[in-house]
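The values are calculated or read from the model by the stated rules, or taken from the named source; none is laboratory data. Only a predicted model underlies this, so the values are computations on that prediction, with no experimental measurement involved. Please note: Cβ atoms are built from the backbone with ideal geometry, for glycine as well, and neighbour counts cover all protein chains shown. Ligands, DNA and RNA are excluded from the accessible area calculation, which covers all protein heavy atoms including side chains. Shrake-Rupley method; radii C 1.70, N 1.55, O 1.52, S 1.80 Å.
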Amino acid sequence: MSEIYEKLQKSLESIRKVTDFVPEIGITLGSGLGGLSEKIEKVCEISYKDIEGFPVSTVSGHDGKFIFGTLSGRKVVVMSGRVHYYEGYRMMEVVTPVRIMGLLGAKIILLTNAAGGINIDFNPGDLMLIKDHISVFVPNPLIGQNADELGTRFPDMSSVYDKQLQDQIKEAARVTGVDLQRGVYVQLSGPSYETPAEIRMLRNLGADAAGMSTVVEAIAANHMGLRVAGISCITNMAAGILNQPLNHEEVKATADQVKEKFEKLVMEFIRNAR
Ligand code: HPA
């Protein structure tokens with residue numbers, strides 16, 4: 001057994017001591033978007049700190065627990081609070097929770113995040129369907145020994161974000177009357193925000209939104225054959241677009257303002273996700 005898989009099995013065992021719940025869908029909630037977890041009919045909760053071998057999140061606005069239950073009539077596991085590379089974890093550890101959601105039984109993974117808008121047609125408060133990503137500015141989470149039990153050494157990334165799920169999110173947006181942008185998400189390491197020059201560079205490279213998560217999780221999920229969907233909440237315009245400094249309070253405040261339409265969209269998508 002590969003070392004990574006052995007570690008994952010230990011984490012899985014400590015969860016299985018608490019619950020035998022098998023989720024259909026795994027959901028990761030981004031900064032300030034944790035409110036959705038209140039909509040879940042909860043079966044049980046497990047703090048990351050109670051799971052053997054699990055990294056624990058340290059950012060304010062990120063709780064750090066798995067919530068198991070029913071959302072829109074579907075069995076879900078929600079990662080309320082994720083762990084980030086900038087907290088000092090290795091990428092392999094950062095993707096542990098998403099891998100565990102897959103090993104628990106989830107076949108579909110919805111990744112959400114707060115992001116800075118690079119595309120000048122976006123506005124703070126917009127929701128963006130992630131159609132593709134740029135991963136080259138952060139280490140790949142699959143570096144190191146390959147966990148053959150999960151997937152192949154050289155996984156294809158030509159359609160990370162499942163086309164059918166993208167269509168279902170667009171349909172959920174139509175049904176709920178929520179405006180939806182579409183774009184390419186780029187992950188940076190953080191924790192400092194980008195400079196205006198970096199944002200100009202990223203725009204030239206084809207990125208529409210920047211953040212500090214999601215891409216590595218999408219890679220790890222794709223590696224193990226899970227179907228991935230992603231939604232960004234554009235919480236601010238990226239550096240240099242508006243004549244104002246960026247801060248985490250603004251990110252959380254905007255996420256809080258859009259929470260109603262975000263929750264409406266996600267709940268409608270989850271109801272019909274196939
Ligand atoms: N840059 C990077 N990450 C972010 C931003 C940003 O502007 N806003 C929210 N997360």
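Summary of computed values
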{"read-out": "Residue match in the stretch 251-274 (condition: within 10 Å of the ligand (Cβ to nearest atom) and among the acidic types (Asp, Glu))", "value": "no"}
{"read-out": "Selection from the stretch 182-233 of residues that are under 15 Å from PRO141 (Cβ atoms) and acidic (Asp, Glu)", "value": "GLU217"}
{"read-out": "Matching residues, the stretch 2-23, being among the β-branched types (Val, Ile, Thr) and either surrounded by fewer than 22 Cβ atoms within 10 Å (Cβ to Cβ) or closer than 17 Å to ARG74 by Cβ (or both)", "value": "ILE4, VAL18, THR19, VAL22"}
{"read-out": "Test: residue in the stretch 193-211 that is away from the ligand (no atom under 16 Å from the Cβ), under 27 Å from LEU36 (Cα atoms) and of a type in the set (A, V, I, L, M, F, W, C)", "value": "no"}
{"read-out": "Strands (runs of 3 or more DSSP E) contained entirely in the stretch 24-142, each with at least 3 residues that are open to solvent by less than 30 Å² (accessible area, probe 1.4 Å)", "value": "25-29, 65-71, 74-80, 108-117, 127-134"}
{"read-out": "Qualifying residue in the stretch 237-247 (condition: small (Gly, Ala, Ser), under 28 Å from MET91 (Cα atoms) and surrounded by 20 or more Cβ atoms within 10 Å (Cβ to Cβ))", "value": "yes"}
{"read-out": "Test: residue in the stretch 154-177 that is free of Cβ contacts under 8 Å to residues at least 12 places away in the same chain, in contact with a strand residue (DSSP E or B) (Cβ under 9 Å, 6 or more places away or on another chain) and among the small types (Gly, Ala, Ser)", "value": "yes"}
{"read-out": "Residue count, the stretch 51-97 (criterion: touching a helix residue (DSSP H, G or I) at 6+ places or on another chain (Cβ under 7 Å), at pLDDT 90 or above and of a type in the set (Asp, Glu))", "value": "1"}
{"read-out": "Complete set of residues in the stretch 84-119 that are within 16 Å of the ligand (Cβ to nearest atom), in contact with a strand residue (DSSP E or B) (Cβ under 8 Å, 6 or more places away or on another chain) and of a type outside the set (S, T, N, Q)", "value": "LEU111, ALA114, ALA115, GLY116, GLY117, ILE118"}
{"read-out": "Residue within the stretch 221-233 that is near the ligand (Cβ under 10 Å from one of its atoms), among the small types (Gly, Ala, Ser), at pLDDT 95 or above and open to solvent by less than 10 Å² (accessible area, probe 1.4 Å) present", "value": "yes"}
{"read-out": "Subset of the stretch 211-247 (residues that are in a loop (DSSP other than H, G, I, E, B) and in contact (Cβ under 8 Å) with a residue 60 or more places away in the chain)", "value": "MET212, SER213, THR214, MET224, GLY225, LEU226, ALA238, ALA239, ILE241, LEU246"}
